[in-house]
1. Scan segment 445-462 residue by residue and report those that are part of a loop (DSSP other than H, G, I, E, B) and open to solvent by less than 30 Å² (accessible area, probe 1.4 Å).
2. Among (1) charged (D, E, K, R); (2) surrounded by fewer than 19 Cβ atoms within 10 Å (Cβ to Cβ); (3) modelled with pLDDT under 85, which single condition is Arg164 missing?
3. Please determine whether any residue of segment 25-44 is charged (D, E, K, R), touching a helix residue (DSSP H, G or I) at 6+ places or on another chain (Cβ under 8 Å) and assigned to a helix (DSSP H, G or I).
4. Considering only residues of segment 177-213 that are modelled with pLDDT of 85 or more and β-branched (Val, Ile, Thr), which is surrounded by the most Cβ atoms within 10 Å (Cβ to Cβ)?
5. In segment 214-229, what count of residues is obtained for those that are under 14 Å from Met180 (Cα atoms) and either open to solvent by less than 60 Å² (accessible area, probe 1.4 Å) or under 35 Å from the mean Cα position of the chain (by Cα) (or both)?
6. Please go through segment 230-256 and pick out each residue that is open to solvent by 70 Å² or more (accessible area, probe 1.4 Å) and within 35 Å of the chain's Cα centre (by Cα).
7. What number of residues in segment 390-415 are buried (at least 20 other Cβ atoms within 10 Å of the Cβ) and touching an Asp or Glu at 6+ places or on another chain (Cβ under 9 Å)?
Amino acid sequence: MKKGFYKILIGIMSVALIGLIIIQFYWLNLTIKTGTESFNNNVYQAMNYTTEKINKSELEKYYKKFNNIQADLKSNKDKPQVVTNQVIKDSLGVTYAYVTRYVVEKSMLPSGQYNDSLTKANIYSQEQVYKIKKDPNSDGIPNLNFNWEHSLQDGTFTLESAARWDAGTTPIDKRISYKMLDSILKTELRNRGINQALPILAVLKKDSTETSIKSENFDSTKIEFMVPLFLDRKDRIEYYLAANFENRKLAILAPTVPIISLTFILTMIIITVFSLSIYYMQLQRKSSEVKTDFINNMTHEFKTPIATINIASDALRNEKVFTDPDKVKYYADLIKQENKRMNAHVEMVLRMSKLDMNQMDMNLQEVNLNGLVQKSVEPIRFIVEERNGTIFEQYNAEHSFVKGDPFHLENIVINVLDNARKYSPNVPEITVKTYNKDQNFMIEISDKGMGMSQNVIKKIFEQFYREETGNIHNVKGHGLGLAYVKKIVQLHNGQVWAESSPGKGSTFYIKIPLKS
């Protein structure tokens, strides 16, 4: 994949993802707004129904008081009658409303027709008394408005006006209790699916001042909802029911939690898939570059021995050479050496391939790591001393026996030592230490070479990774040595890590558990 197309693809995917997230948040915000409106509507419905129920309950008391007269008026509405009323206030301030009705019952002739003769009529008198307590704050009891007369006569009379007139003279704490108000409202809220929000209530006067009917923690500056509770006899608002809510946001969000959760989960899945896609695209691109680099490096590694073998083969064909046994031996040894060198490269690749497929056979046995490390140092010492370098050795491990594969353990020590040699551009100075730590055998190999940055340290144990890229190589290799070291150490249940600073050299630590 071309680099430019790769960037364009990531850009398009990023824009699409950002757009999708914006749309998700837009719909989420819209859902919350809808939830808020639904909550407000449900609360107003619950409060209005509560006030309606309280008014009906209060009015029911008056219907019971006037039940007899109402029924009687309805039953006799077709008969000739006269209704009179009178309001009397006694010395104690108790007011009585007298409603008196005179019914004229005509006599009926044997033929079934009315006799209109007054001498044949029977007159009955019915009287009902309604006692109304005086409001000490009022200037006086107003006269009853007996435009009711026609209503009384035809049986359509309702007591709402009379009830308002009477109830208006009654203190609010006698008309309603906080317990009753709270119980009805909570029931209505539950019926509308509002369970989380707790109402804080108060009954306010028409001038918005508080009454004694209120919650202990009611705050008049935080009123959110207010509906009329009681009207006076002129249909003017006399009291309000006011409320605010604890956990209001929770109640609003509760119905939207499934939608919010699903939106969040889907968004996170999309972001995760998008991130993984970019990651694996980068990984694939990097892997492609690394493999290309590896092939180039391997080509360079094979070119030299192949060229040397070709030269040696041509030389052996020369008459002057094949007649000279010493030269024949020299060129034959050279061919064998270069062939061995190519075989070593191929063997390393095959080993890594087997490790990747978990097909590496381990010949586990008891191994003395002190002796193995000393043995591994010898082939590297010769190369280091050719460059006037030195290898310092400190074998301080008192316990050195582990269960492992001596062949692979020797190879990993040689690989680390060889890296220390290769990455020491000046005269090599390498220190090898062994010691015990927490039931483990520790191998510490340090150098004073070019060192590495922290970013490089994180990658050095990856396959094919080399700090040099392309066809420019200050140090020969193909990026498999340390990857091989890490896998072999892991197969021995150990750990390997490095510490380094640019220009100050590097230190590698290999930890292998001791034989129990």
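The values are calculated or read from the model by the stated rules, or taken from the named source; none is laboratory data. Computed from a predicted structure; not experimentally measured. As a convention, Cβ positions derive from the backbone with ideal geometry for all residues, glycine included, and neighbour counts pool all protein chains shown. Calculation scope for accessible area: heavy atoms of the full protein, side chains included, ligands and nucleic acids excluded. Shrake-Rupley method; radii C 1.70, N 1.55, O 1.52, S 1.80 Å.
1. Those that are part of a loop (DSSP other than H, G, I, E, B) and open to solvent by less than 30 Å² (accessible area, probe 1.4 Å): Gly449, Gly451, Met452, Ile460.
2. That leaves (2) as the condition not met.
3. No, because not a single residue in segment 25-44 is charged (D, E, K, R), touching a helix residue (DSSP H, G or I) at 6+ places or on another chain (Cβ under 8 Å) and assigned to a helix (DSSP H, G or I).
4. Ile213
5. Qualifying residue count for the region: 2.
6. Glu246, Asn247, Lys249, Leu250, Pro255
7. The qualifying residues number 3.
Matching residues to (1) modelled with pLDDT of 90 or more; (2) in contact with a strand residue (DSSP E or B) (Cβ under 9 Å, 6 or more places away or on another chain); (3) closer than 16 Å to Ser376 by Cα:
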site	(1), (2), (3)
Asn415	no, no, yes
Asp418	no, no, yes
Tyr423	no, yes, no
Ile430	yes, yes, yes
Asn436	yes, yes, no
Ile445	yes, yes, yes
Asn455	no, no, no
Ile460	no, yes, no
